[in-house]
1. Of all beta bridges DSSP finds with both residues in the chain, what is the antiparallel percent, to the nearest 5?
2. Between helix 4-13 and the chain, what is the angle of the helix's C-alpha long axis to the longest principal axis, kept within 0 to 90° and rounded to the nearest 10?
3. Quick check: at a probe of 1.4 Å, how many percent of the accessible area of the chain sits on carbon and sulfur atoms?
4. Taking the Cα centre of the chain as origin, work out the dipole magnitude from +1 charges on Lys and Arg Cβ and -1 charges on Asp and Glu Cβ, in debye rounded to 20.
5. Report the label-to-label distance for Lys278 and Arg70 in nanometres (one decimal), using points 7 Å from each Cα along the Cα→Cβ vector.
6. Figure the gain on full extension for Tyr325 and Lys53 (residue separation times 0.36 nm, minus the Cα-Cα span) and round it to one decimal in nm.
7. Ranked by accessible surface with a 1.4 Å probe, highest first, in what order do Cys384, Cys317 come?
8. Using a 10 angstrom Cβ neighbour count of at most 15 plus a DSSP loop assignment to flag exposed chymotrypsin sites (Phe, Trp or Tyr not before Pro), which longest range of the chain is free of such sites?
Amino acid sequence: MQPPHLIIFRHRNQKTEETGATRMSDYIPKEVLLEIFLRLPVKSLLRCRCVCKSWYCLVSNHNFISMHTRNAIETTSKRINGQYLLLRHYSRVDKKERFTLHLDDDDNDDDDDDLFGEYQQLDFPLESSWDYFEIVGSCNGIVCLTDNHSHILKRIILWNPSIGLSVTLPLQRFSYKISNVILGFGFDSLNNDYKVIRLVYYSSNGGSLIVPPDVEIFELSKGAWRIKNSESAPAYIVSKYSSQTVLEGSIHWVGYYNPGKLTVAVFAVHEEEFKEFKLPDEIVNTSVQNLSVMLCGQLLSLIQYRKRRGHLCYESCSIWVMNEYGVEESWKKLFNVVVPGGLGKTLGLRNNVEVLAVGADGELISYDPLSRRVKRLGIYGESCSFYAGLYMESLVLMKGKKKFLVH
């Protein structure tokens with residue numbers, strides 16, 4: 001059976017001079033056309049918009065974009081093999097921030113080291129005020145970036161690599177005497193909306209951070225920041241050293257209480273509520289700088305780093321997973337990651353259960369915890385610049401917003 005987009009364009013080619021005034025959509029019932037379009041990849045849909053006005057209006061419609069996004073989320077969540085990873089790194093040699101797509105397949109062969117080969121290099125149209133952007137997070141096809149080296153009111157950008165469009169968010173409201181700012185990015189599945197959360201911490205005269213923080217939330221659908229009631233703000237501090245990860249409709253970071261009690265900080269995106277998970281007893285005394293969160297498959301996990309004495313890199317790390325989400329007693333240590341020469345950063349778990357990480361020399365590596373074999377993937381960059389996350393095509397941002405600065 002031919003792919004639906006080939007059938008569509010065959011109908012287009014059947015148009016004769018006698019039926020030249022007939023619209024393309026007249027060949028196919030609207031209900032059938034909608035079902036076909038919902039299953040098409042983004043690039044095909046962008047071409048379909050050029051066929052006729054009715055197709056352009058259908059693909060550009062907000063409700064269709066929402067339906068296509070939901071369908072893509074469901075398809076991606078069910079897919080086991082053939083997932084794409086979005087990889088970002090910065091090389092001081094090239095002085096360029098590079099975003100690439102890689103096929104992450106678990107049909108692994110010990111003799112095949114090319115399964116993580118570059119699939120596509122993405123055109124990145126933005127430029128940081130320094131070397132490269134800080135990636136807040138990525139979710140359902142949208143990447144949230146911030147200019148980490150700018151003034152306290154950081155430039156925040158939402159970028160859709162699939163269609164090459166981005167929007168710059170309006171300036172935030174809290175700016176006076178700020179000591180620390182934490183950003184989070186997630187998806188509200190019930191309202192089909194993207195949200196950016198901004199936690200603003202101030203310092204006391206003694207230099208310690210004051211809790212609770214001020215909280216601002218940006219909703220993409222409304223195009224504006226709003227201030228959240230401070231009574232619902234968390235009593236813990238989110239660590240500036242922690243990455244974020246999104247699972248079960250919530251954003252997760254590493255957090256701590258003064259004078260140092262650690263916790264997993266959680267923000268439910270739809271409910272806009274803060275909560276927390278206790279850490280395993282074995283790692284509660286870890287330095288907050290040496291702990292971060294990530295995903296192992298669909299499990300919330302913690303990375304416990306161990307510093308290498310006399311070096312900037314890490315000697316090793318341990319991977320912990322929460323086997324049942326929200327059940328603190330289900331924390332379990334999976335394995336240790338020990339790489340000759342040391343570790344710079346751990347990025348996540350691949351489909352073949354190997355660990356994707358950055359070596360001390362700045363090269364991307366894949367580590368097999370069973371055989372303890374290290375595969376060098378030939379990609380070099382600044383260790384802290386590396387980012388990896390699942391990639392999903394999306395039409396979000398296609399029409400842009402008048403309230404945004406559209407790129």
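The values are calculated or read from the model by the stated rules, or taken from the named source; none is laboratory data. Since the structure is predicted, the reported quantities are computational estimates derived from the model, not experimental observations. Cβ sites come from the backbone with ideal geometry, for glycine too, and all protein chains shown count toward neighbours. Accessible surface areas use protein heavy atoms only, side chains included; no ligands, DNA or RNA. Shrake-Rupley method; radii C 1.70, N 1.55, O 1.52, S 1.80 Å.
1. The answer is about 100 percent antiparallel.
2. The answer is roughly 30 degrees.
3. Exposed carbon and sulfur together represent 50 percent of the surface.
4. I would put it at about 1340 debye.
5. 3.9
6. That pair, Tyr325 and Lys53, stretches by 93.2 nm at full extension.
7. Cys384, Cys317
8. 1-129
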